[in-house]
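Shown next, in structure tokens, is the structure this report addresses.
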Amino acid sequence: MKPRALLTALLLLWWATPAPAQPSDGVRLMLNAFENALLTGRPESYNGLVMSNVLEAPASAARASTFAESEFRSGATRAVIQERDRQNLIGALAGNGYRLIVDAFVEYGGRARVATWQLDIRRTGDDEWRIVEQERLAAVENLYRLAVNPLNEYDARDFRIQAEDLELTLVEGTVFTISTDQGVTGLVLVGHGEMRFSPAPETEKGQLRILAGKDTLESRFDAAYLRFGALPGHADPTKLIPRPVDPRDLRRAEQIFREESPKSFVLDMGDLSDDRWSLLPSAEDFLAEMRTRRFSTLTYARSFSEAEDISVFDRRRQRNIAVYPSKQKLEERGRFYDEDDLAAYDVIGYDIDVALAPDRNFINGHARIRLKTRAPVVNQITLRLANSLFVQSVISDEFGRLFSLKAATQNAVLVNLPASVLRDTEMTLRVIYSGRIAPQSPDRETLDVEQQSTFEDDVFPRAEPSQLYSSRTYWYPQSTVSDYATATIRITLPAVFACVATGELIPDSPTLLPAGDGFAARRVYEFAAVQPARYLAFLVSRFTRVADTIVTFDPAADAGPPITGVVNSSLDIAVEANPRQTEKGRGIADRAADVARYYDSLLGDSPYPSFTLALIETSLPGGHSPAYFAALNQPLPNTPLTWRSDPANFEGFSDFFLAHEMAHQWWGQAVGWQNYHEQWLSEGFAQYFAGLYAKHSRGNDVFAGILRQWRKWSLEKSDQGPVYLGYRLGHIKNDSRVFRALVYNKGAAVLQMLRNLIGDDAFLRGLKRFYREARFTKAGTEDLRHAMEEESGQALERFFERWIYGSTLPSVVFDFRVEPSPSGQDVVLRFEQSGEVFDLPVTVTLQYSDRRNVDVLVAVTDRVVEKRIALDGTLRSVEISKDDGALVDVLKAN
């Protein structure tokens with residue numbers, strides 16, 4: 001995970017599209033004259049660039065005067081205008097005029113501004129041009145060329161700088177300032193310093209204990225680089241004592257500034273300026289780059305525009321140590337949030353056309369994006385797109401050609417709108433782009449290697465290559481958050497390759513384009529996603545279609561709460577396989593159909609009308625499941641790798657990965673998650689449904705074995721944090737097994753405990769209600785809780801608080817006694833909890849002298865719970881079952 005937005009994205013990196021190649025002409029000469037006019041700073045200098053008849057028309061003259069007053073400012077020291085686009089004018093100026101899009105960059109000493117202008121120009125002589133109309137499309141003000149102030153150095157003794165949960169003390173050293181005309185915006189600290197980070201949330205303290213052994217992070221530092229909106233809110237500048245500038249101290253401070261300042265708030269102006277230009281932090285923002293002795297460089301950031309606005313990032317290991325909301329943020333929005341609340345727009349549909357050269361990982365793309373604004377006022381559209389891809393143009397059906405900025409380190413393109421757009425405005429953007437882009441690397445659906453053999457690679461057969469472009473590659477321009485939308489996708493490949501993608505393969509696809517005009521033969525695949533998908537993906541390899549089947553669903557399963565949208569009565573299943581996997585592919589089709597039929601029986605819905613299972617060769621088991629298809633990894637025989645110790649490896653049920661990946665069509669795709677904290681609603685549910693299918697197809701003994709593994713890993717790793725921590729589980733130590741142990745296995749075990757607690761009928765009704773209410777939206781744990789409470793009539797707030805939002809485990813002591821009763825004898829089962837009180841179901845096995853076993857389920861929901869059971873024979877023993885998935889080690893009383 002990259003540093004937070006304050007560190008990189010908030011600090012936009014400007015990207016200017018290179019100017020179109022143009023021969024030296026009168027237009028360039030006119031723009032040179034424009035640059036010289038800007039340097040005068042006098043609005044009347046603009047008149048020499050405008051056609052005389054325009055100045056004679058009152059309305060045109062007024063527009064020219066307004067433009068000049070806005071764009072001509074005194075004090076300019078440098079001006080650059082770069083042409084970005086030139087189009088022939090139509091109408092009265094047809095054949096004798098152009099519409100130009102230009103970028104203008106003007107420096108005023110250490111300050112600068114950049115603007116995008118639309119200029120309509122007309123030829124007035126052989127090669128002389130004048131302006132007939134002008135408009136500013138976008139502007140960024142108050143850019144600063146920052147530097148350490150070489151004239152002031154300060155002695156510091158116990159100089160304290162504070163931000164929320166962070167305290168820096170420069171015990172002894174020197175301080176240099178970084179200033180603008182708006183005041184001090186930064187400091188460089190050099191000397192003997194002490195850092196103390198003490199997060200308020202208990203979960204974050206737990207992560208610090210994993211990293212450092214205690215719930216505060218403390219270290220000495222010898223240098224720090226700070227940026228802020230206002231210094232008085234963080235430190236008392238009167239504690240700094242002026243002293244003569246020591247050249248050695250100054251060189252050291254300047255070196256720190258050169259090394260640390262490019263990481264945040266710095267803009268790359270491309271061909272407009274070679275210098276580094278910076279934005280000023282907002283009043284609430286604070287940044288500290290701290291060179292610690294113990295942890296190398298740590299970055300603390302407070303970025304109030306983020307939902308979780310406090311973060312600490314380990315730059316050397318590229319790990320988030322802490323991410324959480326400030327006290328102010330919690331007061332404003334509460335404990336929970338939906339990432340959609342941060343989105344300025346909603347995507348309605350995509351139309352994607354790409355050509356891929358797999359041998360070079362090179363893609364040419366044309367994307368048409370239909371969107372609807374969500375924010376009250378929108379001036380800029382941010383699109384996610386891979387850093388390595390070059391944007392050739394962005395065109396709006398409503399506004400024409402638009403100017404774009406590229407946030408280079410954030411896989412983002414920022415599109416400036418020529419006018420403010422109000423909420424619920426529909427727009428269409430067309431983006432043309434190209435470049436090299438690496439396929440997606442294996443994610444946490446792929447198991448970890450237990451040990452590596454020393455055999456040479458060429459001893460074993462090599463896997464058939466495949467390339468996956470999915471949610472983490474940003475291969476197409478998309479929303480900044482996962483966003484349900486319909487789509488059409490057109491993919492052109494060399495004819496030797498095949499592909500599967502999000503959507504149904506349309507009739508008569510693929511089509512063959514024969515070799516010619518310097519091109520080898522190609523195939524064109526077309527897919528249509530008529531049901532909404534959270535993101536789009538495609539997989540390229542050498543595939544053979546080995547199976548097709550249609551699954552028809554039982555209409556009786558549809559009973560339950562109403563469902564919005566199209567409900568599919570059948571599912572078309574196809575199996576594509578690498579050449580060596582064709583036999584296995586033929587055998588898996590029927591099992592895939594059985595899985596789909598079973599899941600539909602539980603929920604009364606199959607969200608997508610078709611599903612393609614792609615068997616690909618890899619070194620490790622696992623898979624990936626976007627909407628409409630799943631890639632299922634197939635390790636080759638005799639692989640030297642082993643993965644027996646992975647939490648998601650279930651050797652007793654070979655179809656577990658198949659069942660898990662198919663479950664993602666319902667959980668993770670049809671029902672999304674509101675933010676990274678809620679990822680267990682995808683992975684935990686997929687894990688649980690795979691377990692249920694194991695029980696359905698293989699019986700209770702196999703399911704009991706799966707429950708034991710869920711329980712084992714959950715108990716072993718729960719001290720690493722709550723399920724609600726999402727991707728950050730295991731993140732600090734780079735151990736993805738922790739993530740799978742808790743988000744996958746503990747999430748599934750929690751669902752099993754909930755089922756035992758509220759009963760099968762209420763649980764299955766709640767499951768169906770939750771799914772149907774959340775279908776094609778992004779849900780949270782609270783939505784699940786409300787659905788289960790509605791169907792069970794039980795309050796479940798404490799259940800989810802302990803098992804999902806918390807990481808502690810219950811402490812329970814068990815005892816029993818046999819007492820006489822009117823009908824014979826009763827056994828009284830007694831449970832006593834210490835510490836936090838949990839709601840948990842515990843299965844007690846009563847064994848009679850005739851070897852009969854009777855299981856009794858006890859809902860332990862109070863500090864002391866007793867349950868009386870009438871005995872129908874002589875009791876031989878009483879044991880706590882470990883096969884029911886309950887996440888507790890119950891101790892027997894002495």
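The values are calculated or read from the model by the stated rules, or taken from the named source; none is laboratory data. Since the model is a prediction, treat every value here as computed from it, not as a measurement. Quick reminder, even Gly has a Cβ in these numbers, built from the backbone with ideal geometry, and neighbours come from all protein chains shown. The accessibility values were calculated without ligands, DNA or RNA, using every heavy atom of the protein model including side chains. Shrake-Rupley method; radii C 1.70, N 1.55, O 1.52, S 1.80 Å.
How far is the Cα center of region 326-402 from the Cα center of region 526-588, in Å?
Distance between centres, Cα-based: 28 Å.
Under the definition of Cα pairs under 8 Å and six or more residues apart, what whole-number percent is the relative contact order of the chain? Intermediate results must be reported in sequence, preceding the final value.
Details: 2051 pairs, mean separation 65.6, N = 894.
Averaging sequence separation for qualifying contacts and normalising by length gives 7 percent for the chain.
Could you work out how far the C-alpha centroid of region 858-894 sits from that of region 735-788, in angstrom?
Centre-to-centre distance over Cα atoms comes out at 25 Å.
Grab the DSSP H runs of the chain that are 4 residues or longer, score each as -39,500 (n - 2.57), total them, divide by all residues and round the 222 nm result to the nearest 500 deg cm²/dmol. All intermediate terms of the calculation are to be shown ahead of the outcome.
Details: 15 runs with 183 residues, N = 894.
Taken over the chain, the calculation gives -6500 deg cm²/dmol.
In nm, what is the difference between 0.36 nm times the number of residues separating ALA147 and ARG28 and their Cα-Cα distance?
Details: separation 119, 0.36 × 119 = 42.84 nm, distance 3.37 nm.
Gain in length upon complete extension: 39.5 nm.
Give a residue-ordered list of calculated ³J(HN,Hα) values for region 726-743 (Karplus: 6.51 cos²θ - 1.76 cosθ + 1.60, θ = phi - 60°; whole Hz; x for Gly, Pro).
Ordered by residue, 3J(HN,Hα) equals x, 4, 6, 5, x, 5, 4, 9, 6, 10, 5, 5, 4, 4, 6, 4, 9, 5 Hz.
How would you rank 840-850, 551-561, 98-108, 738-748, highest first, on the average number of other Cβ atoms within 10 Å across their residues? Walk me through the intermediate numbers first.
Details: 840-850: 17.6, 551-561: 13.6, 98-108: 21.0, 738-748: 27.3.
Going from most to least packed, we get 738-748, 98-108, 840-850, 551-561.
Gap in Å between the Cα centre of region 601-674 and the Cα centre of region 193-247?
45
Restricting to Cα pairs below 8 Å that are 6+ residues apart, what does the relative contact order work out to for region 24-168? Please round to a whole percent.
Details: 237 pairs, mean separation 28.3, N = 145.
The normalised contact order for region 24-168 reaches 20 percent.
I need the phi-derived Karplus couplings for region 142-152: 6.51 cos²θ - 1.76 cosθ + 1.60, θ = phi - 60°, integer Hz, Gly and Pro marked x.
Ordered by residue, 3J(HN,Hα) equals 6, 8, 10, 8, 8, 7, 5, 5, x, 9, 10 Hz.
Tell me which lysines have Cα within less than 28 Å of LYS205's Cα, excluding those fewer than 8 residues away on the same chain?
Cα-Cα hits under 28 Å: LYS2, LYS214, LYS263, LYS327, LYS329, LYS712, LYS717, LYS733, LYS746.
Nearest 0.05, what FRET efficiency do ARG196 and SER601 give at R0 = 51 Å with Cβ-Cβ as r? Before the final figure, lay out the partial values.
Working: r = 56 Å, r/R0 = 1.10.
It comes out at approximately 0.35.
Express in Å², to the nearest 10, the accessible area of PHE257 obtained by rolling a 1.4 Å probe over the protein heavy atoms while all chains stay in place.
In the full protein context, PHE257 sits at about 30 Å².
Report, to the nearest whole %, how much of the accessible area of region 167-289 belongs to carbon and sulfur atoms, 1.4 Å probe, protein only.
Numbers: 2440 of 5110 Å².
In region 167-289, the share of accessible area belonging to carbon and sulfur is 48 percent.
Determine the shape class of region 214-262: with a ≥ b ≥ c the square roots of the Cα gyration tensor eigenvalues, call it rounded for a/c under 1.5, and otherwise prolate if a/b is greater than b/c, oblate otherwise. Don't skip to the end; give the middle numbers.
Numbers: a/c = 1.65, a/b = 1.24, b/c = 1.33.
Oblate is the answer for region 214-262, as a/c is 1.5 or above yet b/c matches or exceeds a/b.
Kirkwood hydrodynamic radius, the chain, all distinct C-alpha pairs: what's the number in Å?
Working: mean 1/r = 0.0320 Å⁻¹.
Roughly 31.2 Å, rounded to one decimal.
Report the label-to-label distance for ARG294 and LYS239 in nanometres (one decimal), using points 7 Å from each Cα along the Cα→Cβ vector.
Inter-label distance under the simple model: 2.1 nm.
Explain nothing, just compute: Karplus ³J(HN,Hα) = 6.51 cos²θ - 1.76 cosθ + 1.60, θ = phi - 60°, for every residue of region 862-871 in order, whole Hz, x for Gly and Pro.
Result, ordered by residue: 9, 5, 10, 10, 10, 10, 9, 10, 6, 8 Hz.
Taking only the alpha carbons of region 178-317, what extent do you get along each of the three principal axes, in Å, biggest first?
Sorted largest first, the three principal extents are 45, 36, 30 Å.
Among DSSP beta bridges lying fully in the chain, give the percent that are antiparallel, nearest 5. Each step should come with its number before you reach the end.
Values: 208 of 235 bridges.
Here the antiparallel bridges make up roughly 90 percent for the chain.
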